[in-house]
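Participant: Handing you a structure now.
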There are 2 protein chains.
Amino acid sequence: MNQARQRVVIENVYPEFDGGLFPAKRTVGQSVRVEADIHADGHDLLAAVLLFRDAGGREWSETAMRPAGNDRWSGEFRVESVGRAAYTLTAWVARFRSWQRDLEKKTGAGQEVSVELVSGARIAEEAAKRAKGADRKKLLAFARSILPGAGRGPEECAAAAMDESLGILADRYPDRCLVTEYGRELEVVVDREQARFSAWYEMFPRSCSPDRGRHGTLLDVKERLPYVASMGFDVLYLPPIHPIGRTHRKGRNNATASRPEDVGSPWAIGSPEGGHKAVHPQLGTVEDFSGLVRAARDLGIEIALDVAFQCSPDHPYVKEHPEWFRIRPDGTLQHAENPPKKYEDIVPFDFDTPSWRELWEELKSVVLFWAAKEVRIFRVDNPHTKPFAFWEWLIGEVKREHPDAIFLAEAFTRPKVMYRLAKAGFTQSYTYFAWRNTKPEIESYFRDLTQTEVREYFRPNLWPNTPDILTEQLQYGGRPAFMARLVLAATLGANYGIYGPAFELCENRAAAPGKEEYLDSEKYEIRRWDIDRPDSLREFIALVNRIRRESPPLREDGNLRFHPVDNDQLIAYSKSAADRSGAILMVVNLDPRHTQSGWVELPLEEFGLDPAAPFQGHDLLSGARFLWQGRRFYVELDPSAVPAHVIRLRRKVRTEKDFDYFM
Amino acid sequence: MNQARQRVVIENVYPEFDGGLFPAKRTVGQSVRVEADIHADGHDLLAAVLLFRDAGGREWSETAMRPAGNDRWSGEFRVESVGRAAYTLTAWVARFRSWQRDLEKKTGAGQEVSVELVSGARIAEEAAKRAKGADRKKLLAFARSILPGAGRGPEECAAAAMDESLGILADRYPDRCLVTEYGRELEVVVDREQARFSAWYEMFPRSCSPDRGRHGTLLDVKERLPYVASMGFDVLYLPPIHPIGRTHRKGRNNATASRPEDVGSPWAIGSPEGGHKAVHPQLGTVEDFSGLVRAARDLGIEIALDVAFQCSPDHPYVKEHPEWFRIRPDGTLQHAENPPKKYEDIVPFDFDTPSWRELWEELKSVVLFWAAKEVRIFRVDNPHTKPFAFWEWLIGEVKREHPDAIFLAEAFTRPKVMYRLAKAGFTQSYTYFAWRNTKPEIESYFRDLTQTEVREYFRPNLWPNTPDILTEQLQYGGRPAFMARLVLAATLGANYGIYGPAFELCENRAAAPGKEEYLDSEKYEIRRWDIDRPDSLREFIALVNRIRRESPPLREDGNLRFHPVDNDQLIAYSKSAADRSGAILMVVNLDPRHTQSGWVELPLEEFGLDPAAPFQGHDLLSGARFLWQGRRFYVELDPSAVPAHVIRLRRKVRTEKDFDYFM
């Protein structure tokens, strides 16, 4: 019977996931709009406040919540610091304002209200007792002013009593034992802006040498930085840079047997030279790596490392901690498998081991080791094959020391597992984007990601290709397909990435028909890429990345809206600024072979545009400017030129009245 | 790090409301289908069980949950006893069956598996260690049978290992420290059948006297019981039977002033003769009441009392406990009001009183007083003007002593308040049915009530009229409107009720144009009803109630489905048995003035009917039988005859092959 006297109910709070078990996500400067059903018995007016506390703060701040109809209330606050912000809600019966409302009805009906005025003055006096300083004085004066007598008639007092701001003030000091506190403190993980808006470039250091036949090094990667920067990427992600095992090393094209000169898969981590805290000798040293990080930073690029928690059979852990691995009845190590497939060059950790505490601590020390080398972005390999509880703990621990750390989950698995990993703490997540190619597929998937509660905790990072994925669309669609998929990735998602130079050079040879794997994959061999080829998409990519940086609406995900086009091969969507200051409209031709045309229909009012006035469209890809009027307009896209429009819509169009000689 | 080793996640459990704060509702013999998202890292197969415990039970029973696709699992259990049943979930990695699946893939690919067989035998042996008795022996034998050696080759062992039932048995004994327990125990309030299926009749005892001018008594009500029973009602609900106050007593038609002979509103409870635990002297005695309860029971009728927690200014509480009421600054009692309306004959309790504990206890004692007189059904007046916490406590307390108690919430207020009252414990709830008259209104409202989670805790009770509500539809639609609204109430809802004899006598005179109140309302005066009038709907009502009793699908709410008709004045819907054994189809003409006709379209397969075969429709209202084939058929309803069909659909139709001479 503890909460017996709390008449107000607070329920269906949003955002709140799994009873407050998991936080929503935001970046610094973003706001959190909180909604709840708030109601009570009877007909009294209510007051509700949203209490919020910035990361690192100790005191609650508060902001009023407002009713939005049907007993739904909402309030909003901004998060200012990286870390974990918190919010909760409080509501109570607004006794004074309820009294004001009733008084107004009674005087409106011509009823005598002198006794009511005394009641009202008492409510204000009680509030004054709970107030301090200026508020207390104001309330006491207010109470006196509505009390009839001393020359004040009831009518005059009733008029004074209607003061709305003083009514609100009176209700700010409710009897605390009648106040409903929501009870749960809900959290928001607040990240830096890169968590929300980033352009990734994945590259194999082994293939960065300008000298034919020589193994690329971290120094070569440093030389390649200006190239990456020239395309406008701000994250350079390197596959594992650690020593590579010898036992069962894979040969070219994933062959079971390797030749002595084969370099093996970088994901077969660990050799006598070291494990997850070492640099592969052929790439260089830890010092070289630190030099690379610094050089990259000078060009506005962050280095992202691969966190692949698995070992080659030669990893020092195997000898030092055999209890972290599964040993088969014949005494051999259990290698990774997905029956009947075998990955003999890799042994997984056994997370069911009774020594799990030591294992968890060691893996945490790996991440902290690289964090100490100024790495703050980690791309996590196959997180869905390790326990959720492990990730929740690990990411929580790392972010406690480095709240600016970013973790990208490379989990291509069932949707609920992917969402749970995001809830458990991953900052960004790979998606099914690579396999969403038709208009209905794209629209339905991105509605799920951006217009359901998923948007609160799952930040998509879109990749048209990866070293593991060369989709059919790219294999057979040629250069237009690469361009279209780039524009889709870069504009559907605020976070996106490509695996290069394979991407900009439109590499499309598959390992075998029907397979989505690369032929002669860098995963197993050194490739030489002619990055200066004239047909490279390098400049197109640079343009797209520049448009992204210069267009605030493209830096967000939740503002995505699809628009009807009367041609299934054309997809149209927009992102607009929350303040209606402008919108970016994308139209992409999904057919890499034929020119497609159609009529796009736009909800101009939502963009702050007047359907009755002309407006300008500026295609940021081609530079062309169009003048349009009305909700429908015609587009035509030739894939052999540029298969997409990225159009900035501008409200203001000059008219004759803008000229001096007008009038 | 407590749950660190539990790899399986259980989330999004249904039914679960507000984090398990509120129970779902069922009646004895119904089943509870429980669903949850259950998944884990990796590719292992999982096992999950639903644990359930009947009301009063101490041990958990369990039933296996089955995957239903997309990581959703479901299981089902039946509730057998009135009270509070509970359920929770447990899930774990099915190690042995995962091993079986992998073994199958490996042998299928022709791989050598002798070491795998040893691993499998070990998993089975570990399970055996945790098992007892016969299961232990079986598992040990199983482990031996799949271990190669002693004349058994790997192929033979692998074949033996595939035994599915033994795989399931092995996985029934998992390592407990790796098992995920959901943690929360969720509850189901289990009521007796009347909570789900009941037909209510409301009647004013004051108007039951057969002698003109004499105040009706409880003995007169007893005489009226056979009449109520003849119409097939099983609940007789009486407005408050307590002493009525004198101060500010209302006159006829809600007049502010009353004459000495005016009887006043029964809701102005309390006089020097007693309060909520007394019987109004003009109605009789507590003993008369007990006699009425017994006589009713003999006719299959339960008496429902009105719980109206408010007082007349003359109620003994006012003198004995002035602290339970609001006193105005001038020393007068604060009467009930909804400004500018005043209800001077009623003073509300002040639930904000510091003496709330005593008040709550006293009000509980009122309900228990009548429960001791064998009353188990309570219709609660305006519950939405008293705190939710009070009701949750009161209903919980009463049901602890009388788990068969039924509470009907008379809250005509905002939807979220109504739903919250239902969650807080009300067994049944009044609805907006009276004001849902057009086809889109009815369809949309009843979809909300029967096809969303609301169905789990909110049991609608549909009333076409009440002493407070005479809708425009009834005022102007005449007898056809009364018939149509009766059929709608009785077939859309498993629980419904009418206020009679006003209803069966088609009383339609309103207090004033535009008002939905009765002229010469029994709330303020004694009425004389000629219940033997030949135009009474008495027999039609009896027929409808008989059809309800004899048609199992009409005893439920969740099975309601609407069907298309190409005429907006015709509404078609069905209720079908869960086992597809039969369906009842309703078609109602919503226009009380004109014959309407149209084509109804039915999803025959959902009813277990073959669209390619003829089927029979038997109109239970008219007795007519139709032979139909195909999904669409024609209906025509003349409101001046009967404005509705209630059709039992029958699969079996005789053909020539049923006759002896065929062949």
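Participant: Give the range B:425-445 a look and list any residue that's under 29 Å from B:L238 (Cβ atoms) and open to solvent by less than 10 Å² (accessible area, probe 1.4 Å), or say none.
Facilitator: B:F426, B:T427, B:Q428, B:S429, B:Y430, B:T431, B:F433, B:A434, listed by residue number.
Participant: Within the range A:371-391, which residues are touching a residue at least 40 places away in the same chain (Cβ under 8 Å), open to solvent by less than 30 Å² (accessible area, probe 1.4 Å) and either in a strand (DSSP E or B) or within 11 Å of another protein chain (Cβ to nearest Cβ) (or both)?
Facilitator: Selection gives A:I377, A:F378, A:R379, A:V380, A:D381, A:P383, A:K386.
Participant: Which numbered condition in (1) away from chain B (no Cβ under 14 Å); (2) within 24 Å of A:E302 (Cα to Cα) is the only one that A:Q475 fails?
Facilitator: Condition not satisfied by A:Q475: (2).
Participant: OK, next. Determine the pairs where a residue that is among the basic types (K, R), located within the range B:37-61, has a partner that is open to solvent by 50 Å² or more (accessible area, probe 1.4 Å) with Cβ atoms under 6 Å apart, the partner being 6 or more residues away or on another chain.
Facilitator: B:R53/B:W60
Participant: Which count do you get for residues in the range B:1-55 that are of a type in the set (S, T, N, Q), open to solvent by 30 Å² or more (accessible area, probe 1.4 Å) and part of a strand (DSSP E or B)?
Facilitator: 2
Participant: Are any residues in the range A:259-269 surrounded by fewer than 17 Cβ atoms within 10 Å (Cβ to Cβ) and either of a type outside the set (D, E, K, R) or in contact with a Pro (Cβ under 7 Å, 6 or more places away or on another chain) (or both), and if so, which ones?
Facilitator: A:P260
Participant: Can you run down the residue pairs with Cβ atoms below 9 Å, 6 or more apart or on separate chains, where the first is in the range B:103-124 and more than 9 Å from chain A (Cβ to nearest Cβ) and the partner is open to solvent by 40 Å² or more (accessible area, probe 1.4 Å) and of a type in the set (V, I, T)?
Facilitator: B:V113/B:T107
Participant: Let me ask another. Considering only the range A:1-56, state which residues are more than 13 Å from every other protein chain (Cβ to nearest Cβ) and within 17 Å of the chain's Cα centre (by Cα).
Facilitator: A:P15, A:P23, A:A24, A:K25, A:R26, A:T27, A:V28, A:G29, A:Q30, A:S31, A:V32, A:R33
Participant: I've got another one for you. Just give me the residues in the range B:293-320 being closer than 30 Å to B:K222 by Cα, outside any strand (DSSP E or B) and of a type in the set (A, V, I, L, M), in sequence order.
Facilitator: Result: B:V293, B:A295, B:A296, B:L299, B:I301, B:A308.
Participant: In addition: Output the number of the condition that A:L368 fails; it satisfies all remaining conditions of (1) away from every other protein chain (no Cβ under 14 Å); (2) more than 22 Å from A:I244 (Cα to Cα); (3) assigned to a helix (DSSP H, G or I).
Facilitator: It is condition (2) that A:L368 fails.
Participant: Something else now. Scan the range B:551-584 residue by residue and report those that are out of contact with any strand residue (DSSP E or B) (no Cβ under 8 Å at 6 or more places or on another chain), charged (D, E, K, R) and touching a residue at least 12 places away in the same chain (Cβ under 8 Å).
Facilitator: B:R555, B:D568, B:R580
Participant: Identify the single condition in (1) more than 14 Å from chain A (Cβ to nearest Cβ); (2) part of a strand (DSSP E or B); (3) surrounded by 15 or more Cβ atoms within 10 Å (Cβ to Cβ); (4) out of contact with any Phe, Trp or Tyr (no Cβ under 8 Å at 6 or more places or on another chain) that B:E76 does not satisfy, given that it satisfies every other one.
Facilitator: Unmet condition: (3).
Participant: Taking A:L394 and the conditions (1) within 14 Å of chain B (Cβ to nearest Cβ); (2) under 25 Å from A:E516 (Cα atoms); (3) in contact with a Lys or Arg (Cβ under 8 Å, 6 or more places away or on another chain), which numbered condition does it fall short on, given that it satisfies the others?
Facilitator: Every listed condition holds for A:L394 apart from (2).
Participant: Take the range A:321-365 and flag every residue that is within 13 Å of chain B (Cβ to nearest Cβ), β-branched (V, I, T) and not in a strand (DSSP E or B).
Facilitator: Listed by number, the residues that qualify are A:T332, A:T353.
Participant: Report the residue count in the range A:57-75 for those that are under 18 Å from A:F96 (Cβ atoms) and under 27 Å from the mean Cα position of the chain (by Cα).
Facilitator: So the count comes out to 1.
Participant: A:K575 - would you say it is open to solvent by less than 10 Å² (accessible area, probe 1.4 Å), of a type in the set (K, R) and either at pLDDT 95 or above or within 17 Å of A:W463 (Cβ to Cβ) (or both)?
Facilitator: Considered against the rule, which asks whether it is open to solvent by less than 10 Å² (accessible area, probe 1.4 Å), of a type in the set (K, R) and either at pLDDT 95 or above or within 17 Å of A:W463 (Cβ to Cβ) (or both), A:K575 comes out as yes.
Participant: Additional query: Please verify whether A:R84 is under 30 Å from B:A411 (Cα atoms), open to solvent by 30 Å² or more (accessible area, probe 1.4 Å) and not acidic (D, E), treating the condition exactly as stated.
Facilitator: No, not satisfied.
A quick yes/no check of all residues on (1) over 19 Å from A:S207 (Cβ atoms); (2) not aliphatic (A, V, I, L, M):
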position: A:L218; (1), (2): no, no
position: A:V221; (1), (2): no, no
position: A:P239; (1), (2): no, yes
position: A:D262; (1), (2): no, yes
position: A:I269; (1), (2): no, no
position: A:P272; (1), (2): yes, yes
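The values are calculated or read from the model by the stated rules, or taken from the named source; none is laboratory data. Source: prediction; values computed, not measured. Note: ideal-geometry Cβ built from the backbone for every residue, glycine included; neighbour counts use all protein chains shown. All accessible areas refer to the heavy atoms of the entire protein, side chains included, with ligands and DNA or RNA removed. Shrake-Rupley method; radii C 1.70, N 1.55, O 1.52, S 1.80 Å.
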